[in-house]
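Take a look at the structure set out below.
Each reported figure results from applying straightforward, stated rules to the coordinates on display, with no laboratory input. Because the structure is a prediction, the values reported are computed rather than measured. Here the Cβ positions follow ideal geometry from the backbone for every residue, glycine too, while neighbour counts run over all protein chains shown.
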Amino acid sequence: DVLTKDGAECAICLEDLSQGDTIARLPCLCVYHKGCIDEWFELTRISIMDNSVRREPQEDVLTKDGAECAICLEDLSQGDTIARLPCLCVYHKGCIDEWFEVNRSCPEHPSD
């Protein structure tokens, strides 16, 4: 697909989605740059249609300022320790660890 109007940002590369970008839309309706999602699936060996995706977050350090953490509602800042879930949502590592003590699904995709 090609994006027909400017969108939010790609949760993988954290770059803005711009009109004309080649995109991929997952079954959860999340949209990413096609190259980013292809690389993500190659690295994690997850198929778009694979329903057996592991639920453990992948820890990383944010390399540039991002959006906000949907759990604490604070900005994600360069240098923060983050966790990226298999659905590609990104949170502060501490926030998602606490979330998973009570819940076992993504805060933004509870049906996944």
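Packing order of peptides 94-101, 72-79, 20-27, highest average first: 94-101, 20-27, 72-79 (average count of other Cβ atoms within 10 Å over each peptide's residues).
With the simple model of a label 7 Å out from the Cα in the direction of the Cβ, Leu3 to Ala67 spans 1.1 nm.
Of all lysines in the structure, those lying under 20 Å Cα to Cα from Lys34, and not within fewer than 8 positions of it along the same chain, are Lys5.
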